[in-house]
Each structure stands twice: as C-alpha cells, then as structure tokens.
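J.: Sharing a structure below in structure tokens format, with a few things to ask.
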There are 2 protein chains.
Amino acid sequence: MKESLQQLKEHLGKVHNLSAASSVLGWDQETYMPPGGAAARARQLGTLSELAHELYVADEVGRWLEELAPYEAELDFDSDDASLIRVARREFEKRRCVPAELVGEMARAASLGHQTWVQAREEADFSVFQPSLEKLVALRIEWAECFGPQESIYDPMLDEFEPGLTTARAQAIFDAFRPPLVELVAAIAERPGRGVDGSCLDGRFEERAQWDLGVEALKVMGFDFERGRQDRSAHPFTTSFSVDDVRITTRFQADSLTSALFSTIHEGGHALYELGVSKALDSNILGTGDSMTLHESQSRLYENIVGRSRPFWRHFYPALQAAFPQFRQVEMETFYRAINRVRPSLIRVEADEVTYGLHIILRFELEQALVTGELAVRDLSAAWNAKMEEYLGLTPPDDAVGVLQDVHWSGGTLGYFPEYLLGSMLSVQLFERAQAEIPDLISQIEAGKLGELLAWLREKVHRHGLKFTLDEITERILGTELSPEPYLRYLRERYGEIYQV
Amino acid sequence: MKESLQQLKEHLGKVHNLSAASSVLGWDQETYMPPGGAAARARQLGTLSELAHELYVADEVGRWLEELAPYEAELDFDSDDASLIRVARREFEKRRCVPAELVGEMARAASLGHQTWVQAREEADFSVFQPSLEKLVALRIEWAECFGPQESIYDPMLDEFEPGLTTARAQAIFDAFRPPLVELVAAIAERPGRGVDGSCLDGRFEERAQWDLGVEALKVMGFDFERGRQDRSAHPFTTSFSVDDVRITTRFQADSLTSALFSTIHEGGHALYELGVSKALDSNILGTGDSMTLHESQSRLYENIVGRSRPFWRHFYPALQAAFPQFRQVEMETFYRAINRVRPSLIRVEADEVTYGLHIILRFELEQALVTGELAVRDLSAAWNAKMEEYLGLTPPDDAVGVLQDVHWSGGTLGYFPEYLLGSMLSVQLFERAQAEIPDLISQIEAGKLGELLAWLREKVHRHGLKFTLDEITERILGTELSPEPYLRYLRERYGEIYQV
C-alpha cells in the first residue's frame, strides 16, 4: 500500500514537473519570445502536454489507485494523502477519456492560436484570428465529446476550470443575479455624475511611475519578490512554476492610471493564492490552485473589495500622490469616487464592479452558442457587437476593443469566464467571514497592514492547493455554498452610497 | 523502411522538443528566475532530462535503427536522412550506456549547482560552491565510467561536446601550440607599451549606451531580432530553442567598455550559427550546432578575427564615438591598439587573444586532474591560483575572479574549455578559406557589409547543424584537419605588427 502510494507520488510528481515546464514555456511565449519562436514553441508545448497526459493515464496509475482504495477509505478525507488519491482518481478517470494525440494537438493549436490572436489584436481584425478560433473551438468540442453524452456540451468545459460545476448551476446563479443587477445598473444610470467626477483620472501617466506604484501595491499586499516577479505581456496573467516561483504580468496604457494598477492588484491576488499553497503539496499535482472560482475570489477580493475601498486608499493614497504629483490637488474622496465610477464600458478588465457582471454573462452566452453550434465562429464578431449594444448600450469601434480583447479564446480556453463572476460573488462571502473573524480588519487595512487578512486567506483557502473542490471548501469555511446574495448586497451598499440610489 | 524512418523522426522529434524545453527552463533560470524558484526548477529539469533520455534509448529506437541500416547504406552519406540515422545511432549507443536516473540526477545537480555557484561568486568564496562541485564531479565521473574502460576518463567528457575528440589528440595539439605561444607572449612582454596605450579604455561607461552599442554590433553582424533576443545574465551564453528562436545573454561592467561589447559579438557569433541551421533539420535532433569546436570557431571568428580588426573598426568606430563622445578625441588607431593590448590578466573572457590560450590550457589541465583524482575539489582554488601564477604571473585576489569566474563547472560541464582554443585555431583556418573564396572580403568588412561572410559560413558550416563531426566538416571545407599552425601565424602577424616583434 505504502509502496503504491510512493510510486503514485513519484509518477504524478513527473506529471507535475512537465506541467510546470509547460507553464514556463507559456510564460516565455507571452512575455519574451521573439515572433520567430512561435512554430517551434507550439511543437514543444504539444510534446510536453502529450507526455504529461500519457504519464497521467498510464495503466499503472489505474493499478495503484485500485490498490490504494482501501487505504484511502481509512484515511481522513481532508488528509494530504487521501486528497492526492481522490484528486488523482478524478483526473485519471477524466483524462482517460481523451486520446493523447488530441491533447497534443490542442496544445499546439493553443500556442499557435495565441500568436495569431496577438497579431489580429494588433491589426484590430477578427478575421485574422477566425481560422485559428474555428480550429480551437472544433478541437474543444471534439474534446468535450470524449466524455460521452452530457446535459450540455459546455459542461466539461466548465468542469475543466471548476471541477463539478455544470451549465445548469451556473445558469441558475446568473438567472437569479441578472435581474437585480440590471435594476441596479439602471438606477445608477439615472443619476449620472451624482457626486462622481472622474476627470482626475484623465491625463498621461508615465510608465515607469506606474510600474513602481504597482510594485508598491504588491508589496503592501505581501507579494514576495524573492519568490516571484512581474513582467509585461499583451494580456495580464498569473502563472505558477512552484509555490516559490509565481509570476504575474501586466500591461500599461499611457492614458490610464487605473488599468495597470488594478490589474496588478488583481493578478497579485492570484499570485498570493499560489504562493500560499502548503509546501508539503509543492512537488506534486496538488501544489497549485485549481478551482478557478476560488482563484478569482482571491483576485477580485484584492482588486475590488480591498483595492477599491476607502480604507485601502486612506493608506495608499499618499503613495499615489507621490508617484503622480497632480493628485496632490485632488481630495482622496474625489479619487475614491472616480475609481468607483459606474458607467458602461467596452473592456471587461477595466469595467466597474457593477457592470462587470454583464461582461461575463455576455461571454457565458456566446461561449455556449459557439459550442452548441448555434453561433458560427465567423459570426462571432457581429454577435459580440450586438450583445454589447443590447447589454451595455455600446458598440465597439473595432475588434481589438471588442471580441479580441481577452486572451482566453486564443488558447482554446472556453468555460473560464463564468468563474470571474462566481469568484466575485464568493469574494464577498469570504471577506464577510474574514471580517467576522478579524474584528479590526478594516482598521488594519486603513493602516496598510494586510498581513492578518493574508494569513486568514492562507489558512482557509490557499494552503489547500488542489485538495478540495469549490463546494468542499465553501462548506468548510462558510458552512454554506456559493451564493449571489451577499455580492448583490455589497454592490448595492457600496454603489448605493456613492450614487445615492 | 520508410515507415521506420517516419517513426524514428517523430520519436526523436519529441526528444528534440523536450531538450528545447529544458533549454527554455535553463535560460529562464539564468536570466529571470527569482531565487525561490531554484528547488522546483531542479526537479523540473531532472524530469525533462530523464524523459528525453528514456525516449532516446527506448527499445523501438534500436529496432528502427536496425531496420534502417540497409536503407542508410544506399543513401548519400551527406543526405539529411543518412545523417539523421547515423547521428541517432551514435547517440543511441552512447546514451544506452547511461541509466536514466543518473541523467536525472545530473540535471538536478546541475540546476542546483548553478544556484550555489551564483551565490559563491557573489560572496567570492569557493567553499560555498565546493560541496556542489564535489557532487557534480563525482556524478560526471560516474557517468564517464558508464562507457567502460577508456584511454582517459576525460575522453567521454570531451566526446560529449566534440564527438570523437580524445584527450590524446587535444593534448598533442596543445603540446605543439604551447611552446611557440609562450615564446610569443615572452617576446611581447619584453616590449611593454610599445605603441600601445590602453588608457582610452579607462573610465565609466553608461550601461544603456553599452547595451545600444552591442545591439548595433549585432545588427551589423546580421543577428535577426525577430528570431532571437538578448538579455542579461551572470555569465554570457547562447541558447537555441529552434532555428527561429536563438537567445544570447550579456553582462555589463560599469568600468569596462570592451567586456560586454566583445562578449556580445562572441555570443552573436554562436547565435548566427544556430540561426543558420537549415530549416529542414529544425524539427529534429539535427537542428542545432553540435561540435563545440565548430561553435567556438564561429564565436571567436566574429569576436576576434573580425571584431578586433582594423577593417571592422573603420566601419564601426563612428558608432562607438557617437555612443561614447569621449572617443571623439581618440584616434581609431589608438583605439585599435588598445583593444588588442597584450597583457596577462585574470579573466578568460576578457583576455587578449595571445594570452587566451594559456587560460584554456590551465583549465584543460585542472579538469583532467580533477577527474583522474589527482586533484581534490577542495584543493581546486589553491591549484587554480598556483597555475595562474605559473602561467600568467598573476594571483587572483579572490575566488570570484579566480576559480569561480566561469559558469561551466556550475552545471557539471567538464570537457568544454578545450573547444574554445581548438575553435580559435579553426576560426583562422576558416577565415583564410573565406578570404580565398571572397577576394574583396576585407573591403566588405571595412564597409560594414558582413552579409557575404555570413552567407559563406552558412553554406559551409551553419546549415549542416548536427549532421557532421568536426573532422567530417573540416575535410569538406578545408580538405584538411584542424591545425594550430595558421592560428599561430595569425597571432604572430597581428600582434607582431602591433608590438614589432
């Protein structure tokens, strides 16, 4: 028994190492790789994915798992060993359904797709990316079909990023959330400019000063630059090579101070999660965050609940004023309202918290339409623009700020967007619990002391890595499951106060 | 037959992709990886090496090679297919001797060794690195012993970087080279300062301007930044992820203009080699330069024969004067003599061409002493300093500029240094041949036109990738083998003219 466990651990340790190697190659691809590197990079990522897959689904893994079943039954469900066996079995059974060649082909298509997306985005022309996306969607459908008949072909795609999540459940949550959200958006829209003057955010902001301010924010959050770094990329992301090497990226816009700053805080939230995984899990498949809802709950918590709050800015506003002296003439309250201004906008990652949900629901619907065949890829740009008009009353002037704005589809990633909204909901549930358990949390944040919050999140969420599903972990922390209600209440309170609605 | 060949190609393509992935991880380790990443990086590199090794030595590879023997016999020796089969057989037979676990252990030790070397170098203290080096040397000896009894245990180490090279052959070449070299060094030493004033190279040189000047030199050479890039590292190196993604690194010293510049030109020479490999070989094991003597012949050709020549500086000196205006008062001839000043120095990569050979012979002797057991690792620092005193009349003030100066041993690389000197010898043979075939080569260089030289080197050397051994390729280009005579003649001419000896 113990020997099978040891063999399983060593074997899956190799899978983990291959997957970390893929992450390094992916990071390089999006940060430093010269254009010429694309073709070979796709082949390299294809081989790494194929080999990792072959190792994962090897017959001996099935044998070890079978031998370990009685041992697993004796163990505490929450123990590292039981969790490893449980998660390995879940993934083994899932991956066994998929042929290795398909895995390799998907990895190659994802890598090449990313290159054409970057190019299409530069040219603001969806048609450049269209053939790649057609291939990526077709492969993703072929992949989903490997799992046999499903209630929805979109289910396995959600499950990939949020184990256990179904389309029906996500739909039910969004159905409950959307009407009151639309109501709130409408109520705010009737009070334009009500005490909110965004003009202090207009101007040009020097990149070096933006970079330094972002780094300062990361340090306040507790990001450890000995165990991670920040670089530039076309679309911000976080990636982990181990619990001691977590990388984030950012991008800068000369005419926006908030774009890079809040993106940095967002990715910093992801990074703190990965940096907080227990070292005991590091050398194996459990050594990374898995539930993307949990992951986004961390990034959105830091970005919004903390990062756009008055208490945070009571501490951090002097740093911003030092970096950008024009803010010395601006009251903190004016700045606070400006960064929380609600108005329909084109870009998801720059959207205010209130309209953000509509950006996600739009993508949730388009993704389903794509994979069920209701919508052809060639019609996606038009469908995008129509929905933007319908939900947000805006039409993108070009594809770069429309259908091409997000990186996800460039790698064949479908089923990830809903987690942003689910994570935002969860972030409020978690923060409220943290507040209940740390009575002076708000005054700590006002003093720029985020250490106790981080310690709480580490204890409750981060350290578990891949051990628990979303429901398992919310049950443990909250005694309940994910719900949109606290999030709605939070939005109504914060923005009700600002807009007096 | 054709089917076996196709299978062999696909299979070795995967080996090639794994090895390229290792190169990406190695590059990241030396350029951007935060300190925390070291432990996991070692595990990742261990897994990649082990899996690449296992794939290479798989039984089916032996079967395909056997099936392909009659087909290979029909093919032209120089054809891509015959070369693939021949090289695959050579490597298969060699690698079969080594257990996969040892390969993995060596990769892990190399990765960790690099980290301790960086630290030891910062602290200028060999004892920090000593335990790592002891392990690396022991593993390298264990590895060499896998090949059975050899004339010298050092032979497989030379063979690793220069297939077919033996200790006896390298020794014979160096034995013929050393006495006349020592004579030349002594003759020059008797004429100190003879028309050579190095004071123009004293001063502080702003890093940004150094970087830009290096980039300009790379562009003159023909380095394509769409297919490669330059970054910073503790020790300069070149690495190739494919023929369209070749990276070089450099480092800067505020008090030296020439250190980074000539290092950049040197690495640029390596990079042009990798960028010039035929695209038909790119997706397989032949798609990279292999013979390190050939590789160093390219880097040393650009660094010295071209890069320290009057014709090159007739074109490039105005660029240097623009970057560093203090040189506007300095005659080009003064500068030319300064960059060719001969005097014993501590650092190999900054040594003048004449004393350079002594730095190599010192390492060649110390490496042999280490692996034959004549010299214990703990005595290496003292032995280094004693030999420096004996050969160059200098004693390093600390280990950072002594035994710790080179990166090679940090990764367990033994048997590489001799190729620098052999490559320098070969570079003169190649350049003389190029001059014979391109009659106006010198005036092209004077005009900053290095394209025809590059095309010649591509045609004769680069495009072949891993197809031929050193002897096979010198036979094809020169009709003869590597010899120290032309190099000696070249040194006597260039430095005889400067020093009038």
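A short reminder: the numbers here are calculations on the coordinates, not readings from a lab. Model, not experiment: these values are computed from the prediction. Don't worry about glycine lacking a Cβ; one is built from the backbone with ideal geometry, like all the others, and counts go over all protein chains shown.
J.: For the pair residue B:171/residue B:329, report the inter-label distance in nm, with labels modelled 7 Å from Cα in the Cβ direction.
T.: 5.5 nm
J.: Ok, one more. Dipole of the protein assembly as shown, Cα-centred, from +1 at each Lys and Arg C-beta and -1 at each Asp and Glu C-beta, to the nearest 20 debye?
T.: It works out to roughly 2120 debye.
J.: Using a Förster radius of 41 Å, what is the FRET efficiency between residue B:2 and residue B:398 based on their Cβ-Cβ separation? Nearest 0.05, please.
T.: 0.10
J.: Let me ask something else about it. To test your reading of the geometry: what angle, between 0 and 90 degrees and rounded to tens, separates the Cα axis of helix B:207-221 from the longest principal axis of chain B?
T.: Between helix and principal axis, roughly 70 degrees.
J.: Sequence-distant or interchain residues sharing an amide H contact under 5 Å with residue A:232, placed H: which?
T.: Long-range HN contacts for residue A:232: A:250.
J.: From the square roots a ≥ b ≥ c of the eigenvalues of the alpha-carbon gyration tensor of region B:32-86, which class results: rounded (a/c under 1.5), prolate (a/b over b/c), or oblate?
T.: Oblate.
J.: Using a label position 7 Å from Cα in the Cα→Cβ direction, what is the ascending list of nm distances from residue B:60 to the same site in the other copies?
T.: The answer, with the shortest distance listed first, is 1.8 nm.
J.: Along region A:296-311, what does the Karplus equation 6.51 cos²θ - 1.76 cosθ + 1.60 (θ = phi - 60°) give for ³J(HN,Hα), rounded to whole Hz, x for Gly and Pro?
T.: Here the 3J(HN,Hα) series is 5, 5, 6, 5, 6, 4, 5, 4, 9, 4, 8, x, 10, 9, 4, x Hz.
J.: Expressed as a whole number of Å, what is the distance separating the alpha-carbon centroids of region B:431-454 and region A:11-54?
T.: With region A:11-54 and region B:431-454 each reduced to a Cα centre, they are spaced 41 Å.
J.: Another question, then. Between copies, how far does the label point of residue A:471 sit from its twins, in nm, shortest first, when each point is 7 Å from Cα along Cα→Cβ?
T.: 7.1
J.: What is the extension gain from residue B:493 to residue B:480, computed as 0.36 nm multiplied by their sequence separation minus the C-alpha to C-alpha distance, in nm to one decimal?
T.: Using 0.36 nm per residue and subtracting the Cα-Cα distance, I get 2.4 nm.
J.: Which residue, chosen from A:172, A:193, A:144, occupies the Cα position most advanced towards the positive end of the dipole of region A:76-194, where the dipole is computed from +1 (Lys, Arg) and -1 (Asp, Glu) charges on Cβ about the Cα centre?
T.: Ranked along the dipole, the leading option is A:193.
J.: Mind listing the long-range amide H neighbours of residue A:253? Cut-off is under 5 Å, sequence gap 5 or more, other chains count too, H placed in the peptide plane at 1.01 Å from N.
T.: For residue A:253, whose amide H was placed from the backbone, the distant partners under 5 Å are A:260.
J.: In degrees from 0 to 90, rounded to the nearest 10, what is the angle of the helix B:126-145 Cα long axis to the longest principal axis of chain B?
T.: In chain B, helix B:126-145 runs at an angle near 40 degrees to the longest axis.
J.: What is region B:417-501 by shape, rounded, prolate or oblate, if you read a ≥ b ≥ c off the alpha carbon gyration tensor as root eigenvalues and call it rounded for a/c under 1.5, prolate for a/b larger than b/c, and oblate otherwise?
T.: Here region B:417-501 falls in the oblate category.
J.: Follow-up question, since we're still on this one. What net charge is computed for the residues neighbouring residue A:2, neighbours being all others with C-beta under 12 Å from the C-beta of residue A:2, Lys and Arg scored +1, Asp and Glu -1?
T.: Counting the neighbours of residue A:2, the net charge comes to -2.
J.: What percent antiparallel are the DSSP beta bridges of chain A, to the nearest 5?
T.: The answer is about 50 percent antiparallel.
J.: Can I ask one more? For region A:316-425, state which chymotrypsin sites (Phe, Trp or Tyr not before Pro) are in a DSSP loop and have at most 10 other beta carbons lying within 10 Å of their beta carbon.
T.: When the chymotrypsin sites (Phe, Trp or Tyr not before Pro) of region A:316-425 are filtered for loop state and at most 10 Cβ neighbours within 10 Å, nothing remains.
J.: Using a basic spin-label model with each label point 7 Å from the Cα along Cα→Cβ, how many nm lie between residue B:452 and residue B:93?
T.: So the two model labels end up 4.3 nm from each other.
J.: Another question, then. Using modelled amide H (1.01 Å from N, peptide plane; none on Pro or chain starts), what sits under 5 Å from the amide H of residue B:57, excluding residues fewer than 5 places away?
T.: none
J.: Which whole-Hz couplings ³J(HN,Hα) result when phi for each residue of region B:233-250 is put into the Karplus expression 6.51 cos²θ - 1.76 cosθ + 1.60, θ = phi - 60°, listed in order with x for Gly and Pro?
T.: Listing the rounded values in order: 8, 5, 9, x, 7, 10, 9, 10, 9, 5, 5, 10, 8, 10, 10, 10, 10, 9 Hz.
J.: Sorted from shortest, what are the nm distances separating the label point of residue A:7 from equivalent points in the other copies, each placed 7 Å from Cα along Cα to C-beta?
T.: In nanometres, ordered from closest: 2.7.
J.: Once the Cα atoms of helix A:485-499 and of chain A are each reduced to a long axis, what angle between those two axes, in degrees from 0 to 90 to the nearest 10, is obtained?
T.: Approximately 20 degrees, to the nearest ten.
J.: Net charge within 11 Å of residue A:66 by Cβ-Cβ distance, Lys/Arg positive one each and Asp/Glu negative one each, not counting residue A:66 itself?
T.: -2
J.: Compute the separation of the alpha-carbon centres of region B:190-260 and region A:284-305 and state it in Å as a whole number.
T.: So the two Cα centres are separated by 43 Å.
J.: Another question, if that's okay. For region B:111-179, rounded, prolate or oblate, judged on the Cα gyration tensor with a ≥ b ≥ c (square roots of eigenvalues), a/c < 1.5 rounded, else prolate if a/b > b/c?
T.: oblate
J.: Report the net charge of residues surrounding residue B:76, where surrounding means a beta-carbon distance below 14 angstrom and charges are Lys +1, Arg +1, Asp -1, Glu -1.
T.: Neighbour charge sum, excluding residue B:76 itself: -3.
J.: Okay, moving on. Please give me, ordered by residue number, the GluC sites (Glu not before Pro) of region B:405-492 that lie in loop per DSSP and have at most 14 other Cβ atoms within 10 Å.
T.: Answer by residue number: B:481.
J.: May I ask you to list the residues of region A:456-498 whose amide nitrogen lies under 13 Å from a point 7 Å from Cα along the Cα→beta-carbon direction of residue A:432?
T.: Under cut-off, by backbone N: A:478-494.
J.: Just to check I understand the Karplus step: with θ = phi - 60° and J = 6.51 cos²θ - 1.76 cosθ + 1.60, what whole-Hz values come out for region A:463-474, glycine and proline as x?
T.: 4, 6, x, 8, 5, 10, 6, 3, 5, 4, 7, 5
J.: Based on DSSP H runs of at least 4 residues, each adding -39500 (n - 2.57), what is the mean residue ellipticity at 222 nm of the protein assembly as shown after dividing by all its residues, to the nearest 500 deg cm²/dmol?
T.: Computed mean residue ellipticity for the protein assembly as shown: -20500 deg cm²/dmol.
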